[in-house]
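Participant: Got a structure for you, questions after.
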Amino acid sequence: MKPVDNRAWFLVLPVLVLVAFSAVIPLMTVVNYSVQDSFGANEFFWNGIGWFDDMLHSERMWNALGRQILFSGIILAIEVPLGIFIALNMPKKGFWASLCLVLMALPLLIPWNVVGTIWQIFGRVDIGLLGHALAALGMDYNYTRDVLDAWVTIVVMDVWHWTSLIALLAYAGLRSIPDAYYQAARIDQASRWAVFRYIELPKMRGVLVIAILLRFMDSFMIYTEPFVVTGGGPGNATTFLSIDLVKLALGQFDLGPAAAFSLMYFLVILLVSWAFYTVMTNLDREDAQR
Amino acid sequence: MAQITLEGLAHSYLPNPRGEEDYALKELNHVWADGEAYALLGASGCGKTTLLNIISGLVRPSQGRILFDGQDVTDAPTAERNIAQVFQFPVVYDTLTVRDNLAFPLRNRGLPAAQVAERVQAVARMLGLSDMLSRRARGLTADAKQKISLGRGMVRQDVNALLFDEPLTVIDPHMKWELRTQLKALHREFGHTMIYVTHDQTEALTFATRVVVMHEGRVVQIGTPQELFERPAHTFVGYFIGSPGMNVLPAQVEGNVALVESAGDAGTAYAVPLGRGYEGLAGRVEIGVRPEFARLSATEGLPVTVTRIEDVGRHRIVRATLGGHPINVVAGEGEAIPAADAKVTFDPGHVGVFADGWRVEDPLR
């Protein structure tokens with residue numbers, strides 16, 4: 001038998017075809033649009049990095065990016081500690097543990113636009129339970145007019161929708177800690193805080209990295225829920241990156257700038273996720289070597 | 001250090017235990033002498049870990065009392081008992097350095113920093129951890145981690161007892177021997193009361209001055225390794241300890257002769273002489289003799305069929321059958337093993353008689 005048989009490359013072919021159709025070709029059409037301009041009639045002209053340059057100087061986009069970063073930051077700052085706190089207080093086993101798990105999983109199963117609709121109605125001053133109740137209490141709450149109210153509504157909605165994910169992941173991490181650790185801690189007279197700080201948190205670290213990554217990526221790409229609740233308003237107050245992108249691409253039909261913007265959007269998410277993951281795993285490795 | 005007394009102790013994991021079989025640990029009275037090294041030996045699931053966890057306070061017994069130096073601690077939480085426990089899988093605080101790991105129990109008890117540093121240095125020197133004090137515990141080998149968990153126990157000067165729950169399970173074989181030796185040396189030097197749970201007879205017999213053998217939730221014998229070997233109190237001790245274990249044959253005992261009936265042929269019986277006379281035996285009677293006290297020859301004794309011979313270096317283990325009952329014989333290096341028509345003799349002084357599994361003791365002894 002020959003030690004090298006290049007026909008083996010044919011075995012890779014199915015994967016290549018699959019990846020080409022699922023990822024490379026769609027992405028390349030976007031790349032294609034991003035470097036060309038058209039005045040209709042299916043005629044295209046080379047525009048180089050013109051659209052990218054435009055987008056990098058677009059105040060509108062920088063504002064949307066700023067709002068996006070603020071939003072992701074706020075929901076991570078709330079959902080991660082809250083999720084851990086819930087996981088720590090969930091029952092360990094038995095009927096109540098199962099019930100908790102099912103209840104926690106429910107928000108995760110609701111489609112995005114339904115979540116948006118629920119909160120859109122829930123928060124309305126005229127017919128919504130929340131909105132009406134707040135108005136009856138004398139609070140001037142109206143998410144369609146007030147910027148702060150709109151933000152609070154969207155943040156609370158996201159926390160309601162996604163804290164479960166972090167709680168469930170953290171819970172799984174906690175359950176994998178052998179009993180011996182807790183027994184040793186009791187023998188060492190460790191305080192509740194010390195048990196959390198030196199046993200639970202380090203053991204949850206792996207799942208928390210995943211949870212933060214998932215929540216970051218997902219919140220950074222959020223579209224449906226704020227679109228359904230506020231439509232990006234009042235004004236542009238809750239116009240996040242993807243809402244703005246859709247306005248640009250489908251509302252104004254500026255395909256070239258939208259394509260350039262999409263690529264940068266994608267690269268930002270990729271870059272941040274990669275940097276976060278690399279830093280976390282490197283810390284891990286250094287720890288192990290030291 | 002303390003003397004630990006167990007009074008009428010029993011434990012069941014069921015809320016309402018009915019019969020004796022519901023108890024993971026059957027009633028037990030025992031005094032663990034101060035400063036001795038004990039091994040708790042038994043097969044998996046025999047209740048030894050339950051007993052250990054009761055002593056350390058991780059499990060509250062269903063009945064009975066535990067006394068530390070005469071003081072009742074049955075309801076005292078683990079932290080108040082001042083015991084240290086080393087678990088099967090090394091428990092270290094991953095993100096802390098070795099130094100902080102060792103200091104952890106002292107800092108939790110609010111000791112002044114200077115005293116903590118001094119104790120940590122002393123313990124690290126004892127265990128050979130001095131040169132890795134500033135490393136993180138996470139990346140260390142299993143045996144180093146086990147040393148740390150041992151060190152966290154020893155760092156407290158007032159510790160009443162050191163408990164070990166199969167601590168060498170995840171350690172590499174060559175390190176096992178070293179750690180065991182080190183444990184023994186530490187015991188000789190500092191005289192802690194040590195209780196060591198294991199299912200490995202070599203570990204138990206080399207570590208402990210007294211071995212407690214457990215079987216199905218019951219303590220069947222407590223003795224020195226030599227006593228367990230020469231005078232097993234129960235057939236379980238006989239075949240659990242020793243390699244291979246004791247030969248146990250069903251027999252009828254009349255005076256100072258035991259008759260072993262052939263398994264295949266009901267008419268034939270083989271007479272085995274005993275060291276003394278027995279009378280009034282009730283229940284299921286068996287005789288037990290260790291392979292080391294059986295001898296093969298071509299001339300005298302009972303006829304056996306040799307099925308297999310295993311050479312294990314210093315001696316050979318002969319697998320044979322006596323009237324259909326499998327027996328093992330240990331043959332020394334120089335001894336000849338007859339090729340055909342082999343015969344076996346048992347040393348009468350070392351043939352024990354067991355009724356319902358328990359050794360029938362000489363009333364005069």
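Participant: Any idea which residue in the stretch A:1-44 is surrounded by the most Cβ atoms within 10 Å (Cβ to Cβ), counting only those that are small (G, A, S), free of Cβ contacts under 8 Å to residues at least 24 places away in the same chain and assigned to a helix (DSSP H, G or I)?
Facilitator: Out of the qualifying residues, it is A:A20.
Participant: Then there's this: Name, by its number, the condition in (1) away from chain A (no Cβ under 14 Å); (2) at pLDDT 85 or above that does not hold for B:L14.
Facilitator: Of (1) away from chain A (no Cβ under 14 Å); (2) at pLDDT 85 or above, only one is false for B:L14: (2).
Participant: Same structure again: Please determine whether any residue of the stretch B:105-116 is within 13 Å of chain A (Cβ to nearest Cβ) and more than 24 Å from A:S191 (Cα to Cα).
Facilitator: no
Participant: How about the stretch B:141-226: which strands (runs of 3 or more DSSP E) wholly inside it have at least 1 residues that are within 14 Å of chain A (Cβ to nearest Cβ) and modelled with pLDDT of 85 or more? Lay out the reasoning, then the answer.
Facilitator: Numbers: elements: B:161-165, B:194-198, B:210-215, B:218-223.
The qualifying strands (runs of 3 or more DSSP E) are B:161-165, B:194-198.
Participant: Being free of Cβ contacts under 8 Å to residues at least 12 places away in the same chain and assigned by TED's automatic domain parsing to the domain that holds B:E20 narrows it down to one of B:N82, B:N108, so name that one.
Facilitator: B:N108
Participant: Is there a residue being in a strand (DSSP E or B) and more than 19 Å from B:L259 (Cβ to Cβ) anywhere in the stretch B:274-289?
Facilitator: no
Participant: Just a yes or no: is a residue in the stretch B:121-132 in contact with an Asp or Glu (Cβ under 7 Å, 6 or more places away or on another chain), modelled with pLDDT of 85 or more and of a type outside the set (D, E)?
Facilitator: No, that holds for no residue.
Participant: Taking the stretch B:273-306 as the region of interest, how many residues are acidic (D, E) and surrounded by fewer than 18 Cβ atoms within 10 Å (Cβ to Cβ)?
Facilitator: Residues flagged as acidic (D, E) and surrounded by fewer than 18 Cβ atoms within 10 Å (Cβ to Cβ) within the stretch B:273-306 amount to 2.
Participant: A further question follows. If you check B:E333 against the conditions, is it without any contact (Cβ under 8 Å) to a residue 12 or more places away in the chain and either assigned to a strand (DSSP E or B) or not assigned by TED's automatic domain parsing to the domain that holds B:P232 (or both)?
Facilitator: no
Participant: Somewhere in the stretch A:111-126, is a residue β-branched (V, I, T) and in a loop (DSSP other than H, G, I, E, B)?
Facilitator: There is at least one residue in the stretch A:111-126 that is β-branched (V, I, T) and in a loop (DSSP other than H, G, I, E, B).
Participant: Could you pull out the residue among A:G206, A:G138, A:G131 that is modelled with pLDDT under 90 and within 14 Å of chain B (Cβ to nearest Cβ)?
Facilitator: A:G206
Participant: Out of the residues in the stretch B:127-140 that are among the aliphatic types (A, V, I, L, M), within 12 Å of another protein chain (Cβ to nearest Cβ) and surrounded by 20 or more Cβ atoms within 10 Å (Cβ to Cβ), which is nearest to B:R107 (Cα to Cα)?
Facilitator: My answer is B:A137.
Participant: Still on this structure, please answer the following. Please go through the stretch B:62-87 and give me each residue that is facing chain A (nearest Cβ under 7 Å) and of a type in the set (S, T, N, Q), ordered by number.
Facilitator: Selection gives B:T78, B:Q85.
Participant: When you look at B:R180, is it under 21 Å from B:E36 (Cα atoms) and touching a Ser or Thr at 6+ places or on another chain (Cβ under 8 Å), yes or no?
Facilitator: yes
Participant: Out of the stretch A:194-251, which residues are farther than 22 Å from A:W162 by Cβ and of a type in the set (A, V, I, L, M)?
Facilitator: Result: A:A194, A:V195, A:I199, A:L248, A:A249, A:L250.
Participant: Taking the stretch B:196-222, which residues are more than 10 Å from the chain's Cα centre (by Cα) and surrounded by 18 or more Cβ atoms within 10 Å (Cβ to Cβ)?
Facilitator: Within the stretch B:196-222, B:H215, B:G217, B:R218, B:V219, B:V220 meet the criteria.
Participant: Is it the case that the stretch B:40-51 has a residue that's surrounded by 16 or more Cβ atoms within 10 Å (Cβ to Cβ) and within 14 Å of chain A (Cβ to nearest Cβ)?
Facilitator: Yes: the stretch B:40-51 contains one or more residues that are surrounded by 16 or more Cβ atoms within 10 Å (Cβ to Cβ) and within 14 Å of chain A (Cβ to nearest Cβ).
Participant: Please give the number of the condition B:T169 fails out of (1) surrounded by 15 or more Cβ atoms within 10 Å (Cβ to Cβ); (2) in contact with a Lys or Arg (Cβ under 9 Å, 6 or more places away or on another chain).
Facilitator: Condition (2) is where B:T169 drops out.
Participant: Show the residue pairs that are 6+ apart or on different chains and have beta-carbon atoms under 8 Å apart, the first residue being within the stretch B:260-284 and at positive phi, the second being surrounded by 15 or more Cβ atoms within 10 Å (Cβ to Cβ).
Facilitator: What qualifies is B:G283/B:A355.
Participant: Filter the stretch B:89-102 for residues that are surrounded by fewer than 22 Cβ atoms within 10 Å (Cβ to Cβ) and in contact with a helix residue (DSSP H, G or I) (Cβ under 7 Å, 6 or more places away or on another chain); which is farthest from the other protein chains (Cβ to nearest Cβ)?
Facilitator: B:R99
Participant: Just to be sure I understand the filter: pairs with C-beta atoms under 8 Å, separated by 6 or more residues or on different chains, first member in the stretch A:173-200 and more than 10 Å from chain B (Cβ to nearest Cβ), second member of a type in the set (A, V, I, L, M, F, W, C) and part of a loop (DSSP other than H, G, I, E, B). Which pairs pass?
Facilitator: Every condition considered, the pairs that remain are A:E200/A:I177.
Participant: Is it true that B:T321 is outside the structural domain of B:P232 (by TED's automatic domain parsing), free of Cβ contacts under 8 Å to residues at least 40 places away in the same chain, in a strand (DSSP E or B) and hydroxyl-bearing (S, T, Y)?
Facilitator: yes
Participant: On the given criteria, is B:I327 within 14 Å of B:N247 (Cβ to Cβ), modelled with pLDDT of 85 or more and part of a strand (DSSP E or B)?
Facilitator: Taking the combined requirement at face value, the residue satisfies it.
The values are calculated or read from the model by the stated rules, or taken from the named source; none is laboratory data. Every value quoted in this text rests on a predicted model; they were computed, and no experiment measured them. Note that each Cβ is placed from the backbone with ideal geometry, even for glycine, and that neighbours are counted across all protein chains shown.
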